[in-house]
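Contents: one structure, followed by commentary.
The values are calculated or read from the model by the stated rules, or taken from the named source; none is laboratory data. Predicted model, so just to flag it, every value in this text is computed and none were measured. Every residue, glycine among them, receives a Cβ derived from its backbone with ideal geometry; neighbour counts consider all protein chains shown. Ligands, DNA and RNA are excluded from the accessible area calculation, which covers all protein heavy atoms including side chains. Shrake-Rupley method; radii C 1.70, N 1.55, O 1.52, S 1.80 Å.
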Amino acid sequence: MHVIATAGHVDHGKSALLRALTGMEPDRWAEERRRGLTIDLGYAWMRLPSGESLAFVDVPGHARFVSNMLAGVGPVPAVLFVVAADGGWMPQSAEHLAAIDALGISRGLVAITRSDLADPSRTMAQALSQIRRSSLGDAPAIAVSAVTGAGLPELTSALSELAAAMPAPDPRAPVRIWIDRAFSITGSGTVVTGTLPAGTVGRGDELVITPAMRTVRVRAVQSLGRGADDVRGVARVALNLRGVELADVARGMALIRAGQWTLTRQVDVRVTGTAHDLPQAITVHIGAAHTPARVRMLGAGLARLALRDALPLHVGERVLLRDPGAAREQAVASESPWRGLFGAVVLDPGPPPLTRRGAAAAAAAELSSWPDRPAAEDLIRRRRFVQAAELRATGVDALPQPVAGGWLADAGHWAHLAARLAELVAAHGIADPLAPGLPVDAARDALGLPDRRLVLALAASTPSVALKGGVLTGQGGTSDLPAPLAAAVASLLADLRDRPFDAPEAGRLHELGLDKRDLAVAARHGALLRLSDQVVLAPDAGSQAARILAGIDQPFTTSQARTALGSTRRTVIPLLEHLDRQRITQRLPDDRRRIRP
Ligand SMILES: Nc1nc2c(ncn2[C@@H]2O[C@H](COP(=O)(O)OP(=O)(O)OP(=O)(O)O)[C@@H](O)[C@H]2O)c(=O)[nH]1
Ligand SMILES: [Mg+2]
């Protein structure tokens, strides 16, 4: 199926043309038929000679109903642009074309209607000269009459060609249906209709209604009046919803699949076309929705929109911005582009707040380098850290691997943080050598990380940092000690080679220029085993002692241990306490010890 919306000035014959093409009545309301005026959206469909269905959304041409017109055109990929041969190019011809151009709709046909009333050639030339300058480009044009039927076969074959040239949307694309109509059927309950541009919806699906974010279940699906198990976009769909009152749904709300869209009130956009300055108060239109918004210009052609009502958005989407005041002042059939209608493309549907001074200029500098369809890397760079699920909901694909706990990190920032972490750990070791290491949460605060798992992943990816006993330390060895300290420690270790359990005396430490602090730094680097402020042994003294003590009668007294190790009381007491803490020895109530099994 394909879906096409009409466009064109009031009374130029849009509804009459659909009636002639489809045999269906697009004007649904009695008031519309009485006044011969379309007020709200209408729906009709036909079967093309190929057997494919072509659905139409018929829009009103009257200037007062431009919001309804935009709701009809917003979600569809192609238009049937109608100009009356006897009417010529008129204000809403220009306004509708400006809207189509702002939305970036590039597929369509031009029908010069009422060609039984006037020679269509002049109007056709006039219309094409305008349309050529829009996103529709060189659209084919056909003169028709809804009354005589002239031109209808040609129009039908042009519609067939248009349909055949339309790309087939991805049936697994994220689902978003802008609700354009809601009604209630006795016995079935609430039904909503809309255009499904891509993706698939089916009976039993769970969807979420925006902006309330209520979960609803699809009880039944219809498309063009027929029931279906599931429907692929592009399609017109009618969904019977379970557990929803008619009062809970309205045009402009959307049915989305959970987790696939970013519901947002803040959005950074790039203004398309030549207009670079927006008014401060505008209306944002997308799909069948519209909401008032405040504009903050960030830089040339870049703006932050603060929406009154949250919208479900993706990066790279077109939105239409309308200055509600400007349309009334528009000159009739002016040659200039329709003032007060702007196109914009969504660059970031979840931008960081602009709090610091100069944040707007910084944002503009960053966004100006982004393509209209930003990639995962662009958004990650801006956020530095972002949950994969959150990023996926912005509509980007090709996500990189998370660094930890579902977090995606900007590679440049990650490398910077790794270097910072190594500095922090080293600085902490020097400032507080007696502490066991830098606590993970302190590192997290210092680096401003959103999750402590990121600290652990950062430590694991930083060769000079180790996680030991829940704190961050430098990697062991004398190699990263300052050279004079490394030399003094090497002399100590040489002393200990022959008498490994006879800790060097204060005099010897003094001679080597080693104070309490130096010993702590060396111990932290794993170059020494520090039993107390002034009692140090070689790093492997503990395991060596354990081996020797395992070979004597159990349990043993402190004095028996001292003899077995060839140690002194000054060393053996803190050494045994160290072994107790390591749960290598067990201290009994009578002060004797034994090696634990
Ligand atoms: N003679 C003739 N009259 C036509 C033709 N097409 C439409 N009309 C008449 O023109 C008038 C307006 O037609 P509509 O189809 O209601 O126009 P519209 O564009 O749908 O108008 P809005 O929806 O209000 O914007 C009606 O009286 C139609 O009968 C045509 O091809 N030939
Ligand atoms: Mg009409």
Task: In the stretch 125-140, the residues that are open to solvent by 30 Å² or more (accessible area, probe 1.4 Å) and within 20 Å of Leu18 (Cα to Cα) - done: Pro140
TODO: Scan the stretch 425-454 for residues that are in contact (Cβ under 8 Å) with a residue 40 or more places away in the chain, farther than 22 Å from Ile380 by Cβ and among the hydrophobic types (A, V, I, L, M, F, W, C) and jot them down.
DONE: Val425, Ala426, Ile430, Leu434
Open item on the list: Given the criterion touching a residue at least 12 places away in the same chain (Cβ under 8 Å), over 30 Å from Asp86 (Cβ atoms) and surrounded by fewer than 19 Cβ atoms within 10 Å (Cβ to Cβ), identify the matching residue among Ile209, Ile177, Ile185.
Closed with: Ile185
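Criterion first (within 11 Å of ligand 2 (Cβ to nearest atom), of a type outside the set (Ser, Thr, Tyr) and modelled with pLDDT under 95) does Asp11 satisfy it?
Criteria not met by Asp11.
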Task: Contacts under 6 angstrom Cβ, first residue in the stretch 56-78 being β-branched (Val, Ile, Thr), partner in a loop (DSSP other than H, G, I, E, B) and within 11 Å of ligand 2 (Cβ to nearest atom), 6 or more apart - done: Val57/Leu41
Open item on the list: Could you list, ordered by first residue, the pairs with Cβ atoms under 8 Å in which the first is in the stretch 113-124 and open to solvent by 70 Å² or more (accessible area, probe 1.4 Å) and the second is away from ligand 1 (no atom under 12 Å from the Cβ), at least 6 apart or interchain?
Closed with: Arg122/Gly88
Task: Leading residue by the ranking (farthest from the chain's Cα centre (by Cα)) among those in the stretch 18-45 that are more than 9 Å from ligand 2 (Cβ to nearest atom) and in contact (Cβ under 8 Å) with a residue 40 or more places away in the chain - done: Ala20
Task: Pair list, Cβ under 7 Å, 6 or more apart: the stretch 292-314 residue open to solvent by 50 Å² or more (accessible area, probe 1.4 Å), other residue basic (Lys, Arg) - done: Pro292/Arg308; Arg296/Arg304
TODO: Filter the helices (runs of 4 or more DSSP H) completely within the stretch 397-516 down to those with at least 2 residues that are surrounded by 16 or more Cβ atoms within 10 Å (Cβ to Cβ).
DONE: 411-431, 440-447, 452-460, 483-498
Open item on the list: Which of the numbered conditions does Ile112 fail, given that it passes all the others? Conditions: (1) within 11 Å of ligand 1 (Cβ to nearest atom); (2) modelled with pLDDT of 95 or more; (3) in a helix (DSSP H, G or I); (4) not polar (S, T, N, Q).
Closed with: (3)
- [ ] Considering every residue within the stretch 84-106, establish whether at least one is crowded, with 20+ Cβ neighbours inside 10 Å, assigned to a strand (DSSP E or B) and aliphatic (A, V, I, L, M).
- [x] yes
Open item on the list: I'm checking my understanding of the structure. Among residues of the stretch 15-62 that are open to solvent by 20 Å² or more (accessible area, probe 1.4 Å), in a helix (DSSP H, G or I) and of a type in the set (A, V, I, L, M, F, W, C), which one is farthest from ligand 1 (Cβ to nearest atom)?
Closed with: Ala30
Open item on the list: With more than 14 Å from Thr585 (Cα to Cα), in contact with a Gly (Cβ under 8 Å, 6 or more places away or on another chain) and outside any loop (DSSP other than H, G, I, E, B) as the only criterion, which of Val521, Val536 stands out?
Closed with: Val521
- [ ] Could you tell me whether any residue of the stretch 144-152 is more than 16 Å from ligand 1 (Cβ to nearest atom) and buried (at least 16 other Cβ atoms within 10 Å of the Cβ)?
- [x] no
